[in-house]
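Here the structure is laid out as structure tokens; the discussion comes afterwards.
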Amino acid sequence: MKRIILTLAIAISSFAVFANDVKVNTAVLNAFNSEFADAKDVQWASGQGYYKASFQYNDQYVTAFYGFDGQTLGVARNIRSLDLPMNLQTSLKKEYSGRWITELFEVSNEEGTHYYITLEQADSKVTLKSSNGSKWSVYKKATKA
């Protein structure tokens, strides 16, 4: 299941092609419509073992992932740094001051709520992860060219 979470997080930030002509099965459509009845501008894509729905819901851009059987694998949304739990905000200010946020999103699934944030400075960037509001851990580091 952890592999699914990581795949979802990576897919959110790197999956840029949306296919409007994706044939979505009835189980997935029923699950989606019962969970997000008021969704607008829904765009479907499919990946290896999942469907991805990108849409607007309650004035937010949301991405939901479903297994082919209609099971919700996770729901993700971009958030503001002020939407993070207070302990995570404080930790960012203490440990990563001087960096700027280039990406921040929340993934919710049966294992809880996970936050991913990418911070950059002139020569490097780091992506951090927090599960269920616990401390940040380094998910990925990179040096800029």
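The values are calculated or read from the model by the stated rules, or taken from the named source; none is laboratory data. Predicted, not measured: the structure shown is a model, and the values here were computed from it. Positions of Cβ are generated from backbone atoms using ideal geometry, with glycine treated the same way; all protein chains shown enter the neighbour counts.
Below are the figures for this structure:
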quantity: Residues within the stretch 103-130 that are of a type outside the set (Val, Ile, Thr), under 30 Å from GLY70 (Cα atoms) and surrounded by fewer than 16 Cβ atoms within 10 Å (Cβ to Cβ), tallied; calculated: 5
quantity: Test: residue in the stretch 44-55 that is of a type in the set (Lys, Arg) and at pLDDT below 95; calculated: no
quantity: Near pairs, Cβ below 6 angstrom, 6+ apart or cross-chain, from the stretch 78-100 (assigned to a strand (DSSP E or B)) to any residue that is among the acidic types (Asp, Glu); calculated: TRP100/GLU120
quantity: Residues of the stretch 125-145 classified as touching a residue at least 12 places away in the same chain (Cβ under 8 Å), part of a loop (DSSP other than H, G, I, E, B) and not basic (Lys, Arg), total; calculated: 3
quantity: Members of the stretch 22-66 found to be out of contact with any strand residue (DSSP E or B) (no Cβ under 9 Å at 6 or more places or on another chain) and not in a helix (DSSP H, G or I), listed by number; calculated: ALA37, GLN48, ASN58, ASP59
